[in-house]
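Undergrad: Here it is: the structure, laid out below.
Throughout, read-outs are computed from the coordinates displayed, never taken from laboratory work. All values reported here derive from a predicted model rather than from experimental measurement. Cβ: placed from backbone, ideal geometry, glycine included. Neighbour counts: every protein chain shown.
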Amino acid sequence: MGNSGRHVYGMFGLTVAAPCVLPGFDRVAGEGRADIEISLGRVDQPDAATMTQLGPGLWADEHSYRIDIAKLMRLRVSEGRTIVVEPMPACDLAALPLFLLGSAVPAALIQRGFTLLRGTAIGWRGRPIAIVGRGSVGKSALAVAMLRRGATFWADDYLALGPNDLLYPGAFRLTLWADMMRPLNFQRAEPLRPGLPRYGVQPPGVRENEPQPIEHFVHLSLTADAQAYGELLTGVDRFHVLEQSAFLPQMLAVARRRQAFFQRCATVSRGSKVSSLARQRSGGDLAVLADAVEALVQP
């Protein structure tokens, strides 16, 4: 394994030790046991007597998740403290960081009481702004437009809200599909996985380092209308925007975790502004969309 050894990182206010490089996170001193230890080893078959199947390749009980990624690897995430990875013979280990950061580490964060939302976050005039919504609606592209206007970078792919309701900075990289690389003029990119037309790129500008409460959520969606439009949401609509933006929602099927997620969404939605923003389905002008975000999030 080209990245073999023990690599220790600081992420989400925790230390994470892994047998490979985890791009986008800062290395820290590796003395002692990390908060989350990732290792290569054998992963037993799920115990049908104690584990519930939550979806294809996913089982859970009160203490662990068992994740099967077809023909590539098996993972077991236990108590938010350990992640064991068993690569299959056909697995290209260059893909290991993608699945660790996209599935296993998020599962451990959920076990530790974090709330994860699908989205991208930036800092605008000193305030964290979260852009949430379904996949492939342009959240990362919109974040790039804001970063080029002077915003700072918080996170991409998913947002990690700690038990203290604060947003923790994620990996310092954006993930973009190939069709967005050219319009956004990124020249340097690293494939997330061999054969996958999705790339990791370094965001423009600077990163945020300290957890803070989210000032404003912007829910991005698509519309067939000719012009982007946005509005400030009130009442229960604010809660629904967050509840519908769960990252890896199938992992919340464990009753205790589902209840904790709903409670956190209710609390956060009451303490933040929440807006909706619809963009043209055909793509539209990112500058116009960024103007709309600025108008929505102004004090």
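Undergrad: Using unit Cβ charges (K, R positive; D, E negative) and no other charged atoms, how large, in debye to the nearest 20, is the dipole of the chain about its Cα centre?
TA: Computed about the Cα centre, the dipole is about 160 debye.
Undergrad: Let me ask something else. Evaluate E = 1/(1 + (r/R0)^6) for residue 291 and residue 70, where r is the Cβ-Cβ distance and R0 equals 45 Å; express this FRET efficiency to the nearest 0.05.
TA: 0.55
Undergrad: Where does each of 273, 139, 71 land when they are ranked from fewest to most other beta-carbon atoms within 10 angstrom? The partial results should precede the final answer.
TA: On the way: 273 19, 139 23, 71 9.
Ordered from fewest to most neighbouring Cβ atoms within 10 Å, 273, 139, 71 come out as 71, 273, 139.
Undergrad: Further question: Assuming 0.890 mPa s and 25 °C, estimate D for the chain with Stokes-Einstein, Rh taken as the Kirkwood radius over Cα pairs, in µm²/s.
TA: On the way: Rh = 19.9 Å.
Value of D from the Cα-based Kirkwood radius: 124 µm²/s.
Undergrad: What's the FRET efficiency of residue 148 with residue 232 using the Cβ-Cβ distance as r and R₀ = 22 Å, to the nearest 0.05?
TA: 0.30
Undergrad: In the range 4-91, which GluC sites (Glu not before Pro) fall in coil by DSSP and have 13 or fewer other Cβ atoms within 10 Å?
TA: Taking the range 4-91 and a limit of 13 other Cβ atoms within 10 Å, the loop GluC sites (Glu not before Pro) found are 31, 62, 79.
Undergrad: Test of understanding: ordering 22, 109 by Cβ neighbours within 10 Å, fewest first, what list do you get?
TA: So the residues, fewest neighbours to most, are 22, 109.
Undergrad: Grab the Cα-Cα distance for residue 224 and residue 35, subtract it from 0.36 nm times how many residues apart they are, and report the gain in nm with one decimal.
TA: This chain segment gains 63.4 nm when fully extended.
Undergrad: Please report the spacing between the Cα centers of the range 58-135 and the range 251-299 in Å, no decimals.
TA: Using only Cα atoms to place each centre, the spacing works out to 21 Å.
Undergrad: Can you give the relative contact order of the chain as a percent, counting alpha carbon pairs under 8 Å and 6+ residues apart?
TA: After rounding, I find 15 percent.
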